[in-house]
Amino acid sequence: MRRLVLAAALIGAAVPCVALGAPPPGEPVPGMPQLAFGHPVQGRLLISHVVWLLIIFGLLYYVMARYALPQVGSVLEERRRRIEADLEAARAAKDSADRAVAEHEAATARARAEAQAAIAAALQQAQAEAAARTEALNARLDSQIQEAEKRIAAARDAAMGALRQVAAETADALVARLIGRADRKAVERAVERELAARGRA
Amino acid sequence: MAAEGNTIDALSQFILVPVLGRVGESVGFTQSNLHMLIAVGLITALMMWGTAKRALIPGRMQALAESAYEFVHGLVTEQVGEKGKRFFPFVFSLFMFILFGNMLGLFPYAFTYTSHIAVTFTLAAIVFVLITVVALAIHGRKFFGYFFPEGAPVWLAPIIVPVEIVSYLSRPVSLSIRLFANMVAGHVMLKVFASFVVMLGGLAVIGPFVALLPLALNVALVAFEVLVAFLQAYVFAILTCIYLHDAVHLH
């Protein structure tokens, strides 16, 4: 690149030297040479260099419009398309990544929910089993308790039955000893009354 | 050539001289035209050769060519709008032609073809003819309504219409004289101060020291001329775009 700039500078410096190598016009040019349309040499050159200007500018326009600018434009367009395509690809990649993340999250959530459901079911089952066992145990205990109560009640009834007889006999014996005779029937009635009064009938 | 006797000859640098020997003389091919050809060659080389590799990541030349393209493209689309795209090659050619003419003129021994009113006026005349033809082609007879803005009171017409016509006709004049005067003034100043350097440098012992002053000034002036060279090309191009906008949209 440096060599290129050097070459351009050399050409730029050398060519005008060649241009100035031509001899200056014989007749002096009064005033501004740009306005010396009346001068025999300058006047002619002023007109001719405008004609050449039109030709050269036309050439520049043709080359620019036909070759140079479309080429630069296509290069820029190519780059723009490439960048857009890359952006599009990046966007698509991001979308798919997002989708994958979402899927992964959904899967995780599903797995967690399943696990929780399984835990809950197991827990429930265990609780149900425990409840059933407890129930059975309770039932058995209840029945045992009832049986025991029944036995107790039978024993108490038996004891209560015995109590009346014992009380009647004791009272009869006491009365007999105290007063010399005993009316067994009256004693039994008195015992009966007394027991009823105490709620033990 | 810089100083003959004690007069400063700042204008002889603008004299046209035929080049290419007898052939050039007979067809009136001057050093000015040679510089135009060099400019066209450089512009073409920059645009064609710079982007020949079609690199995705541009090198220096390609970046320069692309930024020139996008700069003028932005100018045209911003000023003229979407319809202005077909004028882009023209505005681009105009801008680059003037820019390279101005810049080439800053090289030693080089000739500044934009310092000739004949050249700048020809370019401005091309612009003027183009905008008039475009306006007539797009708007037909409605184009003449341009000289009398809608909504203005009718009794003002005798004043407004001549003013508008004069301002329209003065476009190529102002366009060409602006560029021409800027380039001439810059080069005359450079020449004058360069002559000072030579004249003061010959003065006794202190001469070379005093001569440093105009030399320093010339260095600054060259930098300023680079700015002017770009600015004037830009102004020419943007005014052309504004005129094209008027031609396409009629205000």
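The values are calculated or read from the model by the stated rules, or taken from the named source; none is laboratory data. Since we're looking at a predicted model, the values are computed, not measured. Note: ideal-geometry Cβ built from the backbone for every residue, glycine included; neighbour counts use all protein chains shown. All accessible areas refer to the heavy atoms of the entire protein, side chains included, with ligands and DNA or RNA removed. Shrake-Rupley method; radii C 1.70, N 1.55, O 1.52, S 1.80 Å.
What translational diffusion coefficient, to the nearest whole µm²/s, does chain B have by Stokes-Einstein, given a Kirkwood radius computed over alpha-carbon pairs, a temperature of 37 °C and 0.692 mPa s viscosity?
Answer, rounded: 157 µm²/s.
Length gain on complete extension for the stretch A:Glu135 to A:Ala90, per 0.36 nm per residue less the alpha carbon to alpha carbon distance? Could you put the intermediate results ahead of the total?
On the way: separation 45, 0.36 × 45 = 16.20 nm, distance 6.56 nm.
The A:Glu135-A:Ala90 span can extend by a further 9.6 nm.
Could you go through region A:162-177 in sequence order and give the Karplus-derived ³J(HN,Hα) for each residue, using 6.51 cos²θ - 1.76 cosθ + 1.60 with θ = phi - 60°, rounded to whole Hz, and x for Gly and Pro?
Computed from phi, the couplings for region A:162-177 are 4, 4, 4, 5, 4, 4, 5, 5, 4, 4, 4, 4, 4, 4, 4, 6 Hz.
How far apart, in nm, are the 7 Å Cα→Cβ label points at B:Tyr234 and A:Asp98?
It is 4.2 nm.
In degrees between 0 and 90, to the nearest 10, how far off the longest principal axis of chain B does helix B:60-79 point, with axes built from Cα atoms?
40
I want to check the label-to-label distance for A:Leu174 and A:Met160. Put each point 7 Å from Cα in the C-beta direction and report it in nm to one decimal.
With each label placed 7 Å out from Cα toward Cβ, I get 2.2 nm.
In debye to the nearest 20, how big a dipole does the protein assembly as shown give about its Cα centre with +1 on each Lys and Arg Cβ and -1 on each Asp and Glu Cβ?
Dipole size: approximately 1140 debye.
Residue separation times 0.36 nm, minus the C-alpha to C-alpha distance between A:Tyr67 and A:Ser143: what's the value?
Details: separation 76, 0.36 × 76 = 27.36 nm, distance 11.13 nm.
Gain on stretching A:Tyr67 to A:Ser143: 16.2 nm.
Please check: in the Gaussian network model of chain B (C-alpha springs, under 10 Å), which one of B:Ala152, B:Ala63, B:Ala233 has the largest mean-square fluctuation.
Sorting by GNM fluctuation, first place goes to B:Ala152.
Using the Cα centre as the reference, give the magnitude of the dipole from point charges on the C-beta atoms of region B:62-249 (Lys, Arg: +1; Asp, Glu: -1; all else neutral), rounded to the nearest 20 debye.
Its charge dipole is roughly 320 debye.
Amide H neighbours of B:Thr30 under 5 Å, counting only residues 5+ apart in sequence or on other chains, H built in-plane at 1.01 Å?
B:Val19
Would you work out which of A:Ser74, A:Val191, A:Ala153 lies farthest towards the positive end of the dipole of chain A? Charges go on Cβ: Lys and Arg +1, Asp and Glu -1.
A:Val191
On a straight-distance basis, which lysines could pair with A:Lys150 in a cross-link, Cα separation under 16 angstrom, same-chain partners fewer than 8 positions away excluded?
Reachable lysines: none.
If you place +1 on the Cβ of every Lys and Arg, -1 on the Cβ of every Asp and Glu, and leave all else neutral, what size is the dipole of chain A about its Cα centre, to the nearest 20 Debye?
The dipole magnitude comes to about 420 debye.
Can you flag which of B:Lys83/B:Lys142; B:Lys53/B:Lys85; B:Lys85/B:Lys191 are past 30 Å Cα-Cα? Walk me through the numbers on the way to the answer.
Details: B:Lys83/B:Lys142 18 Å; B:Lys53/B:Lys85 25 Å; B:Lys85/B:Lys191 41 Å.
The pairs that break the limit, which is 30 Å between Cα atoms, are B:Lys85/B:Lys191.
Which loop GluC sites (Glu not before Pro) in region B:131-232, with loop taken from DSSP, have no more than 13 other Cβ atoms within 10 angstrom of their Cβ?
B:Glu150
Taking the simple approach of a point 7 Å from Cα along Cα-to-Cβ for both A:Gln116 and B:Ile57, what is their distance in nm?
Here the answer is 5.1 nm between the modelled labels.
Set the Förster distance to 35 Å, then compute FRET efficiency between A:Leu54 and B:Val222 from the Cβ-Cβ distance, nearest 0.05.
0.70
Tell me, which longest segment in chain A has none of the trypsin sites (Lys or Arg not before Pro) that fall in DSSP loops with at most 11 further Cβ atoms within 10 Å?
A:1-180
Between region A:123-201 and region B:163-232, how far is it from one alpha carbon centroid to the other, in angstrom?
Taking the Cα centre of region B:163-232 as reference, the centre of region A:123-201 is 141 Å away.
Residue-wise, which Karplus ³J(HN,Hα) couplings in Hz belong to region B:132-137, taking 6.51 cos²θ - 1.76 cosθ + 1.60, θ = phi - 60°, and x for glycine or proline?
5, 5, 5, 4, 5, 5
Rounded to the nearest 100 Å², what is the buried accessible area between B and A, both sides summed, probe 1.4 Å?
Values: alone 14260 and 17190 Å², together 26640 Å².
Rounded to the nearest hundred, the buried surface is 4800 Å².
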